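K.L.:
Sharing a structure below in structure tokens format, with a few things to ask.
The values are calculated or read from the model by the stated rules, or taken from the named source; none is laboratory data. This structure is a prediction, so every number in the text was calculated from the model and none was measured. FYI the Cβ positions are ideal-geometry reconstructions off the backbone, even for glycines, and counts take in every protein chain you see. Heads up: the accessible areas ignore ligands, DNA and RNA and are worked out on the full protein's heavy atoms, side chains in. Shrake-Rupley method; radii C 1.70, N 1.55, O 1.52, S 1.80 Å.
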Amino acid sequence: MANIEEKVEDLINETIEDLGYELYDVIYEKEAQDYYLRVFIDTPNGISLEDCEKVNDAINDMLDEANYIKDQYFLEVSSPGVERVLRKDQHLEANLGNEIVCNLFKPIEKMKQIEGILQEFDQDKLVLQVEDEERTIGIERKNIAKMKLKYHWN
């Protein structure tokens, strides 16, 4: 599925940028019996419903013509949200020094979820400074099920 995601990103990125948005991510996944193509867009000022509609209208025909996805699918265009998922190196780079949450496949020190300040990363691992302690934890990227930005709700 990643190949479809990359093809779709290449196809729609310029159009989305021309409209004044950043293409944050593309995820193609199956939920139950349905397939979803989720396109996440962003701007420094956030995303409105009208922004999502504008991008949806601009890319819908492009996707149909390219015909990369043979199965019937639902197209969803949205903001990545304040607790955005971090899947790419560019997402991690933009969030160095910020608090993130990592859900793990296998526990580290009996924890399957680790929260901390992202200190550094490379293609194999990332290092978090654990907030309540003055220490760092290294996490192998292959052990990370999901990473997201931590937002402190008031």
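K.L.:
How many residues are open to solvent by 30 Å² or more (accessible area, probe 1.4 Å), closer than 13 Å to residue 28 by Cα, touching a residue at least 12 places away in the same chain (Cβ under 8 Å) and of a type outside the set (Asp, Glu) when one looks only at segment 56-72?
P.N.:
Total meeting the criteria: 2.
K.L.:
Inspect segment 42-59 for any residue being part of a strand (DSSP E or B) and in contact with a strand residue (DSSP E or B) (Cβ under 8 Å, 6 or more places away or on another chain) and give the result as yes or no. Walk me through it before giving the result.
P.N.:
Filtering segment 42-59 for residues part of a strand (DSSP E or B) gives 42.
After this cut, where a residue has to be in contact with a strand residue (DSSP E or B) (Cβ under 8 Å, 6 or more places away or on another chain) as well, the list is 42.
Within segment 42-59, one or more residues are part of a strand (DSSP E or B) and in contact with a strand residue (DSSP E or B) (Cβ under 8 Å, 6 or more places away or on another chain).
K.L.:
Considering only segment 132-154, how many residues are more than 28 Å from residue 79 (Cα to Cα) and assigned to a loop (DSSP other than H, G, I, E, B)?
P.N.:
Adding up the residues that qualify gives 3.
K.L.:
With the structure loaded, tell me whether residue 125 is free of Cβ contacts under 8 Å to residues at least 40 places away in the same chain and open to solvent by 100 Å² or more (accessible area, probe 1.4 Å) or whether it fails that test.
P.N.:
No, not satisfied.
K.L.:
Let me spell it out: the conditions are (1) within 15 Å of the chain's Cα centre (by Cα); (2) closer than 17 Å to residue 78 by Cβ, and residue 6 meets all of them except one. Which number is the exception?
P.N.:
Only one criterion is unmet by residue 6, namely (2).
K.L.:
Hey, can you tell me all the residues within segment 20-39 that are loosely packed, with under 14 Cβ neighbours inside 10 Å and not in a strand (DSSP E or B)?
P.N.:
Hits for segment 20-39 are 20, 32, 33.
K.L.:
Of the conditions (1) over 19 Å from residue 91 (Cα atoms); (2) within 15 Å of the chain's Cα centre (by Cα), residue 32 clears all except one; give me its number.
P.N.:
(2)
K.L.:
Among 96, 118, which is farther than 21 Å from residue 5 by Cβ, touching a Leu at 6+ places or on another chain (Cβ under 6 Å) and surrounded by fewer than 17 Cβ atoms within 10 Å (Cβ to Cβ)?
P.N.:
Within the list 96, 118, the selection yields 96.
K.L.:
Right, next: Among the residues in segment 47-61, are any under 18 Å from residue 11 (Cα atoms) and of a type in the set (Val, Ile, Thr)?
P.N.:
Yes, that holds for at least one residue.
K.L.:
Can residue 75 be described as part of a strand (DSSP E or B), among the aliphatic types (A, V, I, L, M) and crowded, with 19+ Cβ neighbours inside 10 Å?
P.N.:
no
K.L.:
Is one or more of the residues making up segment 91-103 modelled with pLDDT of 95 or more and in contact with a Cys (Cβ under 6 Å, 6 or more places away or on another chain)?
P.N.:
Taking every residue of segment 91-103 in turn, none turns out to be modelled with pLDDT of 95 or more and in contact with a Cys (Cβ under 6 Å, 6 or more places away or on another chain).
K.L.:
Only one residue in 110, 88, 106, 150 is of a type in the set (Lys, Arg), surrounded by fewer than 13 Cβ atoms within 10 Å (Cβ to Cβ) and touching a residue at least 60 places away in the same chain (Cβ under 8 Å). Which one?
P.N.:
88
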